[in-house]
1. With +1 on each Lys and Arg Cβ and -1 on each Asp and Glu Cβ, and nothing else charged, work out how big the dipole of the chain is about its Cα centre, in Debye to the nearest 20.
2. In whole angstrom, how long is each semi-axis of the equivalent ellipsoid of the stretch 230-294, when you take the square root of 5 times every eigenvalue of its Cα gyration tensor and sort them from largest down?
3. Please report, in whole Å, how far the alpha carbons of the stretch 104-165 spread along each principal axis, starting with the longest.
4. If I fit a long axis through the Cα atoms of helix 108-130 and take the longest principal axis of the Cα atoms of the chain, what angle between them do I get, 0 to 90°, rounded to 10?
5. Can you check how the C-alpha radius of gyration of the chain compares to 2.2 N^0.38 Å, as a plain ratio?
6. How large is the Rg to Rh ratio of the stretch 30-112 when both quantities use alpha carbon positions and Rh follows Kirkwood?
7. Once the principal axes of the Cα atoms of the stretch 188-284 are found, what is the range along each, listed largest first in whole angstroms?
8. When N is the residue count of the stretch 285-339, what does its C-alpha Rg come to as a fraction of 2.2 N^0.38 Å?
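Derivation of every value follows stated rules applied to the coordinates shown; laboratory data play no part. All values derive from a computational prediction rather than experimental measurement. Cβ sites come from the backbone with ideal geometry, for glycine too, and all protein chains shown count toward neighbours.
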Amino acid sequence: MTVQSEESVTVPTAPAVTDITVTRPGGLRVTARHLLIGAAVLVGLILPWMVQSFVMFQLTQVMIYGLAILGLNLLTGFNGQFSLGHSAFYGIGAYTTAILMSRYDMNYALTLPAAGGVCFIVGFLFGLPALRLQGLYLALATFALAIAMPQILKFHPLEGLTGGVQGLVVIQPDPPALLSFLSSDQWLYYFTLSVILVMFAAAANLVRSRTGRAIMAIRDHPIAAAATGINTAVYKTLTFGVSALYTGVAGALGALAVAFVAPDSFSFLLSVSFLVGLVIGGVGSIPGCLFGGLFVLYVPNIAESISTGLAGAIYGAILLLVIFVMPSGAAGFCRYAVAYIRRSRTPRNANQH
C-alpha cells in the first residue's frame, strides 16, 4: 500500500477538515483529526464538573457501551465475522470483576485485566469451532451462547460463586487519597475515561498495523487472503479473542458503574443493543462506537419518556429514521458532510484564483 506524496498533487482543491495539517518543529505532523481528538478529550475532562451525578453516571455508561461496541466492531466490522453473542462476554467480564472483588477482595483495577484475560480465553476457544461456520450459521452459534449464558449463571451448583438468581453486589470504588476531592461518581468517570482512551488507541493502532491489514483482508476476500500467505484460522480466532477481551473489560467497568450484577442483565437483548449501536455508529469506524453508545443508552429512555405504552414503537420509528438519514452510520454521515463541504467550497476558491 503506497501513499501519494504531496509534491505529486497538481490539482488544487479546498482542504477538507481531515486534510488540514500543521508541521511542528522536529517533523511532527498535527492533523485536524488529532485536534478533534484533543478537543473531545478536553471536553470529557471538563464534563464531570458541569453535570449532575446522574448525568455523569449516564456518560460513564455511554463510554462503557462504546467500548463493548468497539469489541463487536473489531470482530464484525474489521474481520467480517457476525456475532449475536457479545452479551455473554460482557456478562463474563462483569461477573469476573464481581466475583474477584466480593469473594477474593481483589483491587478493582486489577480485576479489569483479569476480566479481559478470561474473556480472551473464552472467545479464543469459542472461535476455534466457529472456524467451520460462516455467515448466518456463525450468528446462530453466537446466538446460542447469548441464550445459554444467563442460564449458566443461574445454575444451582454455581450459586456459591455467582450468587444465583439474586446476583452479586459490587462495592463502587472510592477515589485514591491524592484525589480525595473527587466524588465516587467523578472518580469512576475519570477511571473509565482513562481505560477508554488506552483501549481505543490500542484498537486504532491494531487496525493500522500489519495484523490489522491481514484481518481486513480476510473480511474483504478470505480466499485471496489465504492465497497471499495469511493464516486465516489463526487471525480469525485471535480476532474473536481480542473482541471478547474488549467486551469483557467493558463488562467489568459496567459492574463497577452499576455496583450490581445479575444473570438477567446479560440477556440476548443486550447483544441486539450492541449490534444496533454498531450499525448506528458505523460499521468499521472506531470513533463511531461512542456514538453507538449514546444511541443505545439515550434513545430507549427518550422513547419511554414520550410514551411508556408505545416505547417500543417509538424506538423502532426513531431507529428507522436514523437509518434512513444515515444509512452508513454516524461515521459515514460525517464523511459525507465533510465531502459535501469540500465540494461546496471548491468553486468559490477556484473563482478567487
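1. Details: 16 positive and 10 negative charges, 215 e Å.
It comes to approximately 1040 debye.
2. Numbers: eigenvalues 109, 58, 26 Å².
For the stretch 230-294, the ellipsoid semi-axes come out as 23, 17, 11 Å.
3. If we take the Cα atoms of the stretch 104-165, the spans are 42, 27, 13 Å.
4. Helix 108-130 sits at roughly 80 degrees to that axis.
5. Details: Rg = 21.9 Å, N = 353, 2.2 N^0.38 = 20.4 Å.
Normalised Cα radius of gyration, the chain: 1.07.
6. Details: Rg = 16.7 Å, Rh = 15.6 Å.
Using Cα coordinates only, the ratio equals 1.07.
7. Largest to smallest, the principal-axis extents are 49, 29, 25 Å.
8. On the way: Rg = 12.6 Å, N = 55, 2.2 N^0.38 = 10.1 Å.
The reported ratio for this selection is 1.25.
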